[in-house]
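To keep things clear, I will list the structure first and then write my remarks on it.
The values are calculated or read from the model by the stated rules, or taken from the named source; none is laboratory data. Please read all numbers here as calculations on a predicted model, not as lab measurements. Every residue, glycine among them, receives a Cβ derived from its backbone with ideal geometry; neighbour counts consider all protein chains shown. Ligands, DNA and RNA are stripped out before the accessible areas are found, and what is left, the full protein with its side chains, is counted by its heavy atoms. Shrake-Rupley method; radii C 1.70, N 1.55, O 1.52, S 1.80 Å.
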Amino acid sequence: MSEDKSDRFLDGTMYKALATESGIDRPVMNQKQFEEEFGNPRDTNRIPLRIHVKGAMRGCVHPCSSGSHLLSTLLSFVPIFQWLPKYNFRESLVADLIGGITTGIMHVPQGLAYSVLAGVDPVYGLYSSCFPAFFYMLFGTSRHTTLGSFAVVTLMAGIANENIMEIKGTVNATDSTNSSLPSDLTPIQVASTLTVAIGIVQFAAGLLRLEFLASYFSDPLVSGFTTGSAVHVLIAQIDDIFGLTGLPKSSGPGYIFVRSWDIILAAFNRTNLVTLITSVIAITFLHCGKEYLSPFLKKKGLKLPVPYELIVIIISTAVSAIFDFQHNYNVPVVGFIPTGPPNPALPVVAILPDCIIQSLGMVVVTIAVHISLAKMYAKKLNYSVDARQELYALGGSSMLGGLFSVYPVSTALGRTAVNVSTGTKTQLSTVFSCALLLVIILWLGPLLQALPKCILACVIIVALKSMFQRCEEIKSLWRISRTDLLVWIVSFTSTVVIDVMEGLAISILFALLTVVFRSQWPKWERILGAMSSDHDKTLPEEASLPRPSVCVFRFDAPLIFTNVERFLNKVKKTMDEWDGIDSSSHKLCEIKVIVESEDPIPRYFIIDCSSIVYIDYMGVKALSETIIDLKKRGLTVYLAAVKPDVFVVLKAQGLLDKFSKEHLFPTLHDALSIADRNASAAEMLDNARKFRLSTQSSRSIDSPSPELTVKGTPTSLPPTPTSALPGTSVLFPAPISDEKRK
């Protein structure tokens with residue numbers, strides 16, 4: 001019984017056949033012979049639309065087909081029910097306890113400091129570090145990412161807070177009959193409603209399966225944008241560092257320059273020296289501790305990070321309380337911090353539409369940063385995360401956390417890195433972080449009332465160092481990709497010069513335009529006088545010279561409507577150059593007879609389709625026109641390494657009906673080998689014909705005519721022919737100058 005060809009393909013023979021260039025030999029063959037030998041692996045039949053619709057409907061109805069399916073679907077939204085019963089207390093509990101407490105200690109100074117950026121009181125930073133992280137533990141699939149304060153998102157939340165307060169405050173002042181708005185709308189109400197709006201958009205993105213959008217935010221884009229945002233965060237802390245109060249608020253494009261000028265003018269005569277000295281001491285302590293003391297302690301065997309921020313907060317609070325900085329030196333302090341948990345409250349529905357619009361930029365940044373970090377650490381630590389479930393987790397934690405007076409939060413690289421370095425195993429570490437924060441919220445909060453606000457600014461400024469260090473990526477981007485470098489520069493410049501929200505929009509738009517530009521003006525390559533790759537390297541140099549009758553053209557992009565003109569132009573340019581190379585150069589200093597063969601040597605134009613991963617209607621038309629034009633020039637056209645999807649489109653458009661499969665090849669190696677073999681045979685026959693004709697012509701020219709001979713001596717040379725013999729052409733020698741004759 002003969003062996004089934006499909007079985008041969010499935011058992012790996014097809015793979016071996018395609019691996020010629022990797023060292024596995026098989027006979028050279030065209031596409032027709034290849035399919036006859038190994039079967040046709042290409043599915044050239046399109047799947048009907050009704051099959052796709054049927055499959056989608058089946059997927060939607062499947063959870064409701066039975067009680068068990070419905071229960072499993074609901075439980076899939078809460079992954080903690082899957083991993084908590086399997087939790088290994090012996091191996092993971094101690095690690096999660098240490099990691100949770102360490103991360104909780106980091107949350108305290110970050111929450112207190114970043115609340116200033118959000119435009120709310122410091123106590124709400126503690127709430128924001130506690131409740132969203134706890135809800136994420138229930139819904140998230142990442143074991144190590146930690147939700148909390150993030151400088152860029154908090155800054156964007158503060159800008160959105162100001163915008164909404166300005167709009168709604170104006171509405172309240174001008175329209176006293178508007179009962180949908182509370183008369184005393186507060187910044188924390190706006191921040192909480194903004195958090196709920198972010199959660200709604202994130203959850204909707206998960207339902208619409210938009211997790212793929214995170215791949216559009218490249219690392220250069222995110223890096224340039226976050227670095228530019230760090231400049232805004234830095235400028236926002238300068239007035240607290242110098243103890244400046246009462247500065248005019250600035251907003252709109254280019255506001256950062258106006259604010260910087262106001263700070264410079266005010267710093268000359270309104271600087272609080274005690275505040276400035278305190279800030280310098282705190283920044284010096286934090287910098288020296290992180291840069292010099294921590295590496296030294298790590299060499300000595302200390303594995304846990306030292307909480308320098310918490311240490312400086314405790315010391316500065318104690319000193320401020322002892323010397324009464326607030327009353328004796330006019331140093332701004334945190335002030336009253338309430339005790340007890342926050343009262344749950346519903347969002348303000350009247351401002352929810354405005355909050356949804358303002359939240360879009362924060363949603364983009366949160367998703368891009370969170371999913372990239374989650375995937376990075378999951379790959380590093382050998383586990384997997386579900387990107388769609390992460391959208392549900394972010395949305396659920398924001399919507400539920402927004403009920404507890406919080407501002408928008410996100411994942412932070414520094415905090416997540418510490419969580420990983422301390423050996424955390426699961427999200428159960430969040431329980432210990434939240435427990436530590438609850439202790440401070442319930443009982444220890446009033447102890448921080450004397451904390452100088454400049455210390456919070458110092459914590460933020462030192463934390464920005466990691467963001468500014470991303471400027472070092474410029475060197476590597478310059479070496480690797482100038483286009484990615486341009487994306488980084490545009491993202492950074494637009495964010496700094498204009499504003500954060502507008503800068504993000506410009507960054508995304510420019511990054512997408514670079515994709516369009518790369519597809520519209522892709523790289524291409526041609527090899528004139530190509531030679532087969534299977535030549536014996538041991539042959540003499542003359543035997544391995546390139547064949548002038550073979551040309552390879554490769555287009556390194558999908559062939560679509562945006563680049564069909566470039567494809568046609570580059571094929572024409574290749575043909576013009578090839579014709580120039582194929583014309584022989586002659587030495588005109590001697591008589592030379594060039595024999596024109598009756599049958600010209602065939603020339604082969606090979607289109608390498610290995611880089612054409614997609615083709616549209618205009619691309620098929622361009623390829624068809626190219627093949628027709630090349631055939632009119634007398635060329636034989638080969639298509640090599642056509643992708644299966646492109647093969648389906650070409651067949652659907654009827655191009656393959658006009659194009660023989662004998663001119664299709666599974667690999668470029670096959671096309672080159674057969675073209676070179678045919679060209680070599682034609683050249684050998686043509687050379688033999690030239691030799692025969694030139695020999696006959698030489699005999700007819702050199703032999704003297706008997707009629708012109710007198711006594712055995714020719715009276716004159718035979719007359720110079722005015723025209724070449726049939727099949728020949730004659731070139732006259734170049735005239736010899738008098739100098740050369742002498």
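For segment 440-454, the tally of residues that are of a type outside the set (S, T, N, Q) and open to solvent by 60 Å² or more (accessible area, probe 1.4 Å) stands at 4.
State whether one or more residues within segment 202-210 are out of contact with any Ser or Thr (no Cβ under 9 Å at 6 or more places or on another chain) and without any contact (Cβ under 8 Å) to a residue 40 or more places away in the chain.
From segment 202-210, those out of contact with any Ser or Thr (no Cβ under 9 Å at 6 or more places or on another chain) are 204-210; that's our starting set.
Cutting the leftovers down to without any contact (Cβ under 8 Å) to a residue 40 or more places away in the chain gives us 207-208.
Yes, some residue in segment 202-210 is out of contact with any Ser or Thr (no Cβ under 9 Å at 6 or more places or on another chain) and without any contact (Cβ under 8 Å) to a residue 40 or more places away in the chain.
Comparison of ALA671, ALA652 shows that the only residue that is under 39 Å from the mean Cα position of the chain (by Cα) and open to solvent by 60 Å² or more (accessible area, probe 1.4 Å) is ALA652. Taking segment 200-217, which residues are more than 25 Å from GLY59 (Cα to Cα) and crowded, with 21+ Cβ neighbours inside 10 Å? Selection gives PHE217 alone. Taking each residue of segment 155-166 that is open to solvent by less than 10 Å² (accessible area, probe 1.4 Å) and looking for partners that are among the charged types (D, E, K, R) with beta-carbon atoms closer than 9 Å, six or more apart or interchain, yields ALA160/ASP354; ILE164/ASP354. Among the residues of segment 611-647, the ones that are open to solvent by 60 Å² or more (accessible area, probe 1.4 Å) and more than 26 Å from the chain's Cα centre (by Cα) come to 9 in all. Restricting the first member to segment 429-446 and to residues that are assigned to a helix (DSSP H, G or I), and the second to residues that are hydroxyl-bearing (Ser, Thr, Tyr) and open to solvent by 60 Å² or more (accessible area, probe 1.4 Å), the beta-carbon pairs closer than 6 Å and six or more apart or on different chains are GLY445/THR339.
With the structure loaded, tell me whether SER223 is assigned to a helix (DSSP H, G or I), of a type in the set (Gly, Ala, Ser) and either in contact with a Gly (Cβ under 6 Å, 6 or more places away or on another chain) or open to solvent by 30 Å² or more (accessible area, probe 1.4 Å) (or both) or whether it fails that test. In short, no.
Kindly provide the set of residues from segment 468-488 that are open to solvent by less than 70 Å² (accessible area, probe 1.4 Å) and either within 12 Å of THR227 (Cβ to Cβ) or not aliphatic (A, V, I, L, M) (or both), ordered by number. Outline the logic, then answer.
As a first pass, look at segment 468-488 and keep what is open to solvent by less than 70 Å² (accessible area, probe 1.4 Å): 468, 470-471, 473-474, 476-477, 481, 483-485, 487-488.
If the condition is that a residue be open to solvent by less than 70 Å² (accessible area, probe 1.4 Å) and either within 12 Å of THR227 (Cβ to Cβ) or not aliphatic (A, V, I, L, M) (or both), then PHE468, ARG470, CYS471, GLU473, ILE474, SER476, SER481, THR483, ASP484, TRP488 are the ones that fit.
Can you name the residue in segment 358-395 that is outside any helix (DSSP H, G or I) and among the hydroxyl-bearing types (Ser, Thr, Tyr) and, of all such residues, is nearest to the chain's Cα centre (by Cα)?
Going through segment 358-395, the residues outside any helix (DSSP H, G or I) turn out to be 381-386.
Now narrow it down to the ones that are among the hydroxyl-bearing types (Ser, Thr, Tyr): 383-384.
On the way: TYR383: 22, SER384: 20 Å.
So, considering only residues that are outside any helix (DSSP H, G or I) and among the hydroxyl-bearing types (Ser, Thr, Tyr), the one nearest to the chain's Cα centre (by Cα) is SER384.
Across segment 331-345, the qualifying residues are those that are closer than 18 Å to ASP240 by Cα and in contact with a helix residue (DSSP H, G or I) (Cβ under 8 Å, 6 or more places away or on another chain), and the one among them that is most open to solvent (accessible area, probe 1.4 Å) is PRO332.
Among the candidates VAL365, VAL348, VAL369, the residue that is surrounded by 14 or more Cβ atoms within 10 Å (Cβ to Cβ), out of contact with any strand residue (DSSP E or B) (no Cβ under 8 Å at 6 or more places or on another chain) and β-branched (Val, Ile, Thr) is uniquely VAL348.
Let's see how each residue does on (1) under 18 Å from ASP96 (Cα atoms); (2) at pLDDT 95 or above:
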| position | (1), (2) |
| --- | --- |
| MET137 | yes, yes |
| ALA157 | no, yes |
| ALA173 | no, no |
| ASN178 | no, no |
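Return the total of residues in segment 128-153 being part of a helix (DSSP H, G or I), within 28 Å of ILE238 (Cα to Cα) and either open to solvent by 20 Å² or more (accessible area, probe 1.4 Å) or touching a Phe, Trp or Tyr at 6+ places or on another chain (Cβ under 6 Å) (or both). Residues that pass the stated criteria total 1. The set of residues in segment 235-275 that are at pLDDT 90 or above and not in a helix (DSSP H, G or I) comprises GLY243, LEU244, THR271, ASN272.
Applying the criterion of at least 1 residues that are open to solvent by less than 90 Å² (accessible area, probe 1.4 Å) and modelled with pLDDT under 65 to the helices (runs of 4 or more DSSP H) found wholly in segment 9-95 leaves 13-18.
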